[in-house]
Amino acid sequence: MKRELANVIQGRETSDGAGVKIKRSIGQHQHTRLDPFLMLDEFGSQSADDYIAGFPSHPHRGFETVTYMLEGHMLHEDHMGNKGHLKNGDVQWMTAGKGIIHSEMPQQEEGVMRGFQLWINLPAAEKMKPAHYRDIPSAEIPVADLPQGGTIKVIANQATINHQIIEGPIQGLTTEAIYWDLHLPKDKSFTHSIPENHHSMIYVYEGSVAIGDQKSPLKKGNAGVLTIGDQLDITALEAETRFLVLSGKPLNESIAQYGPFVMNTNDEIEQAIRDYRAGVLTD
Ligand code: CO
C-alpha cells in the first residue's frame, strides 16, 4: 500500500544556540514529534549574522543527533577530546547516551552555511550508554543515480536501486533509522519500498513534491508526515527538487524532555539536571 501525505508540519523560523537562525519542523512542540524523531532543524543563510554565534558549549543526554552539512564549515568539539570539521556534504553522528558536552561553532565569517540537524530518540535501555561520536566525510557516503533521473544519497540504513543494495555509513540502530537525501528532476518519480511499521516523513528543502496519489504539493521548508504503508511514491513538481526521506521504527515509550535532555520520566530529567550541575553528567 502506498503511503500518502497525512499532515504537514510547517517549518517555523526560530533561533537556537547563541542566536543561530533555524527553521524547525518536527519538534516545535511535543505534538509535532514523529517517534522516534524528536526534532528536525534546517539552518541556511548567506548572512553571517544568522549563524556566527554558533552553539557554544552545551550538554545532551538520552538521544542521538545527526548533523548533515550541505554547505559551510562548522567545528565540533566535545568533552571526550573529539574535534570534527564538518564541511560540504559531511555528516556528524553523535550518540549523547548518558552525557556529552560539546560545542558547534562556525569556521567561516561569510558565505553560505546550510544544513540539517536531526534528533533521534534512544530506547530506555540505551539512554545511559556511553557517549559516542563519529565524523563521516562526504566521500564515504554513497550516492547512486536513479533509473528515472536524479540521485539518492544514503546516509543511514540502505536503499535498493537497480537491484543493487546501497549501504549507508550508519547502520544497526535500534530505531532502524533511514536517512536519504534525494535530488529529482521535474515530473520524475522516486518509488521504493519502506518498512510498514515505520513512521516516515519527507522534508522538502528545494522545490516541491507530490506524494502518493495526491496532487497537492508539499513545499520547500515543510515536513510531510506520511500515512502507514509499505511503498513510497514521490514525484518532483519543480526543476530542482531536493528532499530528505526520514523513516524509523517508533519506540512507543514515554518522553520527558527538558531542553537538551530527553528521558522517559521527570525523575530522570531531574537527575540529568543535578548531574550536569554537579559536573558529573558525562562520568
Ligand atoms: Co548540541
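Quick one: would you say Glu104 is buried (at least 22 other Cβ atoms within 10 Å of the Cβ), part of a strand (DSSP E or B) and modelled with pLDDT of 95 or more?
Values: buried (at least 22 other Cβ atoms within 10 Å of the Cβ): yes; part of a strand (DSSP E or B): yes; modelled with pLDDT of 95 or more: no.
Judged against the criteria, Glu104 is not a match.
Report, by residue number, each residue of the stretch 29-56 that is of a type outside the set (Ser, Thr, Tyr), closer than 15 Å to Ile255 by Cβ and crowded, with 18+ Cβ neighbours inside 10 Å. Write out each step before concluding.
As a first pass, look at the stretch 29-56 and keep what is of a type outside the set (Ser, Thr, Tyr): 29-31, 33-44, 46, 48-50, 52-56.
When the remaining residues are screened for being closer than 15 Å to Ile255 by Cβ, the result is 29-31, 33-39.
Residues satisfying the conditions are Arg33, Leu34, Pro36, Phe37, Leu38, Met39.
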Residue, nearest to the ligand (Cβ to nearest atom), within the stretch 265-283, restricted to residues that are over 14 Å from Met128 (Cβ atoms) and in a loop (DSSP other than H, G, I, E, B): Gly279
The stretch 52-75, residues that are part of a loop (DSSP other than H, G, I, E, B) and either among the aliphatic types (A, V, I, L, M) or within 14 Å of the ligand (Cβ to nearest atom) (or both): Ile52, Ala53, Gly54, Gly62
Those strands (runs of 3 or more DSSP E) lying entirely in the stretch 1-41 with at least 1 residues under 12 Å from the mean Cα position of the chain (by Cα): 20-24
Pairs where the first residue, in the stretch 51-72, is among the β-branched types (Val, Ile, Thr) and the second is part of a loop (DSSP other than H, G, I, E, B) and within 10 Å of the ligand (Cβ to nearest atom), C-beta under 8 Å, 6+ apart: Thr65/Ala96
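Would you call Val112 among the β-branched types (Val, Ile, Thr), away from the ligand (no atom under 16 Å from the Cβ) and closer than 22 Å to Ala48 by Cα? Before you say what the answer is, go through the steps one by one.
Values: among the β-branched types (Val, Ile, Thr): yes; away from the ligand (no atom under 16 Å from the Cβ): yes; closer than 22 Å to Ala48 by Cα: yes.
Yes, satisfied.
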Any hit, the stretch 122-133, residues being buried (at least 16 other Cβ atoms within 10 Å of the Cβ), within 16 Å of the ligand (Cβ to nearest atom) and at pLDDT below 95: yes
Failed item, numbered, when Lys87 is tested on (1) closer than 27 Å to Ile166 by Cβ; (2) within 16 Å of the ligand (Cβ to nearest atom); (3) over 15 Å from the mean Cα position of the chain (by Cα): (2)
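Do you know which residues across the stretch 237-254 are touching a residue at least 60 places away in the same chain (Cβ under 8 Å), surrounded by 15 or more Cβ atoms within 10 Å (Cβ to Cβ) and out of contact with any helix residue (DSSP H, G or I) (no Cβ under 7 Å at 6 or more places or on another chain)? Write out each step before concluding.
Going through the stretch 237-254, the residues touching a residue at least 60 places away in the same chain (Cβ under 8 Å) turn out to be 242-253.
Of the ones still in play, those that are also surrounded by 15 or more Cβ atoms within 10 Å (Cβ to Cβ) are 242-249, 251, 253.
Arg242, Phe243, Leu244, Val245, Leu246, Ser247, Gly248, Lys249, Leu251 - these are the residues of the stretch 237-254 that are touching a residue at least 60 places away in the same chain (Cβ under 8 Å), surrounded by 15 or more Cβ atoms within 10 Å (Cβ to Cβ) and out of contact with any helix residue (DSSP H, G or I) (no Cβ under 7 Å at 6 or more places or on another chain).
Go through the stretch 96-135 and count every residue that is within 21 Å of His199 (Cα to Cα) and without any contact (Cβ under 8 Å) to a residue 60 or more places away in the chain.
In the first step, residues of the stretch 96-135 are kept if they are within 21 Å of His199 (Cα to Cα); the result is 116-127.
Filter once more, keeping what is without any contact (Cβ under 8 Å) to a residue 60 or more places away in the chain: 125-126.
Count: 2.
Only one residue in Val262, Val245, Val204 is under 17 Å from the mean Cα position of the chain (by Cα), within 16 Å of the ligand (Cβ to nearest atom), in a strand (DSSP E or B) and not aromatic (Phe, Trp, Tyr). Which one?
On the way: Val245 fails: within 16 Å of the ligand (Cβ to nearest atom); Val204 fails: within 16 Å of the ligand (Cβ to nearest atom).
The match here is Val262.
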Subset of the stretch 57-87 (residues that are out of contact with any His (no Cβ under 8 Å at 6 or more places or on another chain), farther than 27 Å from Met263 by Cα and surrounded by fewer than 20 Cβ atoms within 10 Å (Cβ to Cβ)): Leu70, Glu71
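Could you identify the single residue in Asp41, Asp78 that is of a type in the set (D, E, K, R), within 11 Å of the ligand (Cβ to nearest atom) and in contact with a Lys or Arg (Cβ under 8 Å, 6 or more places away or on another chain)? Even if it seems obvious, please write down each step before you answer.
Working: Asp78 fails: in contact with a Lys or Arg (Cβ under 8 Å, 6 or more places away or on another chain).
It is Asp41.
Give me a count of the residues in the stretch 132-151 that are assigned to a strand (DSSP E or B) and more than 16 Å from the chain's Cα centre (by Cα). It would help to see each step written out before you state the result.
Quick first cut of the stretch 132-151, residues assigned to a strand (DSSP E or B) only: 132-136, 143-145, 151.
Then keep just the ones that are more than 16 Å from the chain's Cα centre (by Cα); that gives 132, 143-145, 151.
Residues flagged as assigned to a strand (DSSP E or B) and more than 16 Å from the chain's Cα centre (by Cα) within the stretch 132-151 amount to 5.
The values are calculated or read from the model by the stated rules, or taken from the named source; none is laboratory data. These numbers were taken from a predicted model, which means no experiment stands behind them. Neighbour counts run over all protein chains shown; Cβ positions are idealised from the backbone, glycine included.
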